[in-house]
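The values are calculated or read from the model by the stated rules, or taken from the named source; none is laboratory data. What you see is a predicted model, and the numbers here were worked out from it, not measured in a lab. As a convention, Cβ positions derive from the backbone with ideal geometry for all residues, glycine included, and neighbour counts pool all protein chains shown. With ligands, DNA and RNA removed, areas are computed over all heavy atoms of the protein, side chains included. Shrake-Rupley method; radii C 1.70, N 1.55, O 1.52, S 1.80 Å.
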Amino acid sequence: MLMARRNLGRDRTRLLLNIAGVALAILLILLLTGIREGMFRQITSYLDRTPGSLLVSQGGVENLLSVTSLLPAGATARVQGTRGVESVIPILSQYTILDLHGRKQAAYLIGYVPARGGGPWRLAAGRAPRADDEAVFDRVLAERHDLALGDRVDVMGRTLEVVGLSEGTTSWMTSFFFLRKSAVESLVRLPGATSFLLVTTDEGASVDDVRSRLASLDGVDVHTKGEIAANDRKLFARYFSAPVTLMAAIAALVGALVVGLVIYTATVERQRDFGVLKAIGAPNRSLYLVVVAQSLIASLGGVVAGSVLAIGARAGIMALRPQFLIVLEPADFVLALVVGLGIAMVAGLYPARRIGGLAPAEVFRR
Amino acid sequence: MIRLAWRNLTQNPARLLISLGGVSVALVLMLTLDAIFTGMEQRVTAFIDRSGADIFVSQQDVRNMHMASSSLARGQQARVKSVAGVASVTPILYVTNPILAGKDRSLAYIIGVPSDAKAGGPWEIESGREDPGAGGVVLDVGVAAKAGIGLGGEVEILGDTFEVVGLSHGTASMAGSVAFISLDDFADLRQDSDTVSFLLVETAPGEAPEQVAAGIEARVRDVTAMTRQEFARQERKVVRDMSTDILAIMNIVGFLIGLAVMALTVYTGTLSRRAEYGVLKALGARNGKLAATVVWQAVISVSLGFLIALILTSLLTVATPLASASLRLVIGLPSVAKVVVTSLVIAGVASLLPIWQMARLDPATVFRRR
């Protein structure tokens, strides 16, 4: 270990580069996985924060986002009248593309009945809509487009006044905005239409039993909110999870390359010294340990530096671009440590093999 | 200097390989991601481009199909038809919803078209018929093949069962496919026969679509009318504006990865030749010349890495449609230009530390260290 430390310490710039390489890999892995997890949480934020355990949709609809659901007429009353159902919250929702300041902004429009729920769960400013020409916009969306309370926005041929700003309803790709359900019915020209029902079951009633009873109603599908959330995550993961995971894997590979290259160079430069050690009887195992210890020291330094950088970068990015949610859990840092150790092992392999194959006499000739 | 840089690079094949591998992987990522979104931009307008309509009429302020919804009163059709320069008006209904084929579930633009549609129907039929008719659906051939069904097979749309009566080509993209059912079936599913989503207008021969669209907006209330080209431009803008953030992040990540690999390989490459550079300095070589050697090393590595990345991405553009009919990669010139600039910045920044070290190099020390 002492020899490994001395080998590394002889060239501080190289040691710093080594640590920086691993730190960069760890930083990227933590940020990318954090962005992916944050994206998933933002996608399901509405389902996570609204009441109810079951979601009733039009037959064949298994998602909340990116699809259109229109329940058969009278479905709300039939669901409400089903044994075991305590309360029903009807919403009329759909994606909308807003033209704000010359940019296309996808936003998820939710029409709700304020007295029954299903609207914004936390207001940063203002109030809930009282009239059909009033809306609550997500606070971050509003800030990105310089919208404030009292401003007016044109949506599908209607001018809406911003009367409230909601908190926790944003994501980097799309944000929520809320109108009264009657206003959305009028916007989509479907009086009385309902997309989904958020169902709360009676205390003590079995959710599975209630679900079975609801599923027997004509023209509807019934899912737990957890199932719908999983389907929405799967849908979005199809587009964005693969590139993010690929980037994280490449970052880990690059980390291994960086450490590998530095350890390799350091080993080759010290080839004569290793040869001398072999000539005086040092077994291969001891020399392997020196190389692996070098990798470990550099990698662990990189893991610590990368983790600290990731915490700082997370705070910086979320302050500058609040539409991004970056989630860093303790388990992520454990993963970073495992990746760091993995990088050290992979990076040490080739140099160790080179030392193992070294003929002591050879080094003196060189 | 270029020759010296080239020799320095090729003397250690392992280091050169790591350098080229790392940089090209980073650049491939940047190019591929751009290519995916450029491909999506082009595919997302497939229905609009091939619809046969000259003008799209939608609910006021609705300028998109993708992730949008438009509702027009049926009565608007007659009003639009009466505008000068309009040859035909076809109403369509549209939603984005899943199609359930066997156990396979995929998202699709569901288009409801009337049987006498002048526009808006499938544009290239592989087999079967063009008009879905009552209870029928015209499905994308790739979606049908993936689900293992053909003509006569059944799929579920919005909870109802439809028989596959036609298979169409060119109707799939990464965002989903396009499926055609009859306008009446669609209205039944919505339990609403009073509204349609869009009106597809064909202009009379010799009429300028821009002028006819302006005429429609002037004479018909509560509608937005756009030429096909303008409507497609708005649609592409949705993909572009929505992908800006993810592309920015991935570009920064790609840049950092490329920079890390390049900085380290140039640095270690220079470091291992420290003695030789010391000799050159002792012989009177100026710092500027030695710095140029380092920069050339970086530029050559990055240029080779860029070429490898371009070749790999081009191969991907050929291979991906074979693996997935819905995924199409298109390498755009702006994307190539961006990656070239990024590569040069990487080469420049990666050279800084070695140049600084070389400038501080004392020729006498290298002999001592020897």
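Data for the structure
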{"item": "Label-point separation, B:ALA218 to A:LEU337 (7 Å along Cα→Cβ), nm", "result": "7.4"}
{"item": "Average Cα contact separation per residue, the range A:72-218, under 8 Å, 6 or more apart, as relative contact order %", "result": "32"}
{"item": "Å² per residue, accessible surface of chain B at 1.4 Å", "result": "41"}
{"item": "Cut-off under 5 Å, modelled amide H: who pairs with A:LEU64 long-range", "result": "A:ASP232"}
{"item": "Percent of Cα pairs exceeding the 43 Å cut-off, where the set is the protein assembly as shown", "result": "39"}
{"item": "DSSP beta bridge pairing in the range A:94-167, given as percent antiparallel to the nearest 5", "result": "75"}
{"item": "Carbon and sulfur %, accessible surface of chain B computed with the full protein complex present, 1.4 Å", "result": "57"}
{"item": "Antiparallel bridges, percent of DSSP beta bridges restricted to the protein assembly as shown (to nearest 5)", "result": "75"}
{"item": "Chain A: angle of helix A:12-43 to the longest principal axis, Cα-based, in degrees nearest 10", "result": "20"}
{"item": "Buried on assembly, the range B:41-71 (at least 20 Å² less accessible surface than by itself, 1.4 Å probe)", "result": "B:GLN59, B:GLN60, B:ASP61, B:ARG63, B:ASN64, B:MET67, B:SER69, B:SER71"}
{"item": "Note, ³J(HN,Hα) from phi for the range A:336-343, Karplus 6.51, -1.76, 1.60, rounded to Hz, x at Gly and Pro", "result": "4, 5, 4, 4, x, 5, x, 4"}
{"item": "Delta accessible area of at least 40 Å² on complex formation, residues of the range A:148-172, 1.4 Å probe, chain isolated as reference", "result": "A:MET156, A:GLY157, A:TRP172"}
{"item": "From phi via Karplus (6.51, -1.76, 1.60), per-residue ³J(HN,Hα) for the range B:59-73 in Hz, x at Gly/Pro", "result": "4, 3, 6, 8, 10, 9, 9, 4, 6, 10, 9, 9, 10, 10, 5"}
{"item": "Helix-only [θ]222 nm of chain B, DSSP H runs n ≥ 4, -39500 (n - 2.57) each, per residue, nearest 500", "result": "-18500 deg cm²/dmol"}
{"item": "Rg/Rg_ref, the range A:72-218, where Rg_ref = 2.2 N^0.38 Å and atoms are Cα", "result": "1.14"}
{"item": "Simple label model, 7 Å out from Cα along Cβ direction - A:VAL327 to B:ALA73, nm", "result": "4.7"}
{"item": "Potential lengthening between A:ILE311 and A:VAL276 on full extension [0.36 nm per residue; Cα-Cα distance subtracted]", "result": "8.1 nm"}
{"item": "Accessible surface buried once B binds A (1.4 Å probe; total of both sides; Å²)", "result": "5300"}
{"item": "Whole-angstrom gap from the range A:287-305 to the range B:19-76, using each part's C-alpha centre", "result": "48"}
{"item": "Percent RCO, i.e. relative contact order, over chain A, from Cα pairs under 8 Å lying at least 6 residues apart", "result": "30"}
{"item": "Chain A: calculated mean residue ellipticity at 222 nm from DSSP helix runs of at least 4, using -39500 (n - 2.57)", "result": "-18000 deg cm²/dmol"}
{"item": "In sequence order, calculated HN-Hα J values of the range A:279-288 (Karplus, 6.51, -1.76, 1.60; Hz; x Gly/Pro)", "result": "5, 8, x, 5, x, 3, 4, 5, 5, 4"}
{"item": "Anisotropy class of the range B:74-153 from Cα gyration tensor, a/c 1.5 cut", "result": "prolate"}
{"item": "Among A:ARG272, A:ARG41, A:ARG285: highest mean-square fluctuation, GNM of chain A, C-alpha pairs under 10 Å", "result": "A:ARG285"}
{"item": "Estimated FRET transfer efficiency when R0 is 25 angstrom, pair A:ASP48-A:ARG130 (beta carbons, to 0.05)", "result": "0.40"}
{"item": "Accessible surface of the range A:72-218 [probe 1.4 Å, protein heavy atoms]: carbon and sulfur percent", "result": "46"}
{"item": "Nonlocal amide H pairs with A:THR194, under 5 Å, H built at 1.01 Å", "result": "A:LEU71"}
{"item": "Normalised contact order of chain B, rounded percent, pairs of Cα under 8 Å and 6 or more residues apart", "result": "29"}
{"item": "Degrees separating the helix B:13-43 axis from the principal Cα axis of chain B, which is the longest one", "result": "20"}
{"item": "Label-point gap, in nm, between A:VAL207 and B:LEU151 - each point 7 angstrom along Cα→Cβ", "result": "4.8"}
{"item": "Solvent-accessible area per residue, Å², over chain A with all protein chains present [probe radius 1.4 Å]", "result": "41"}
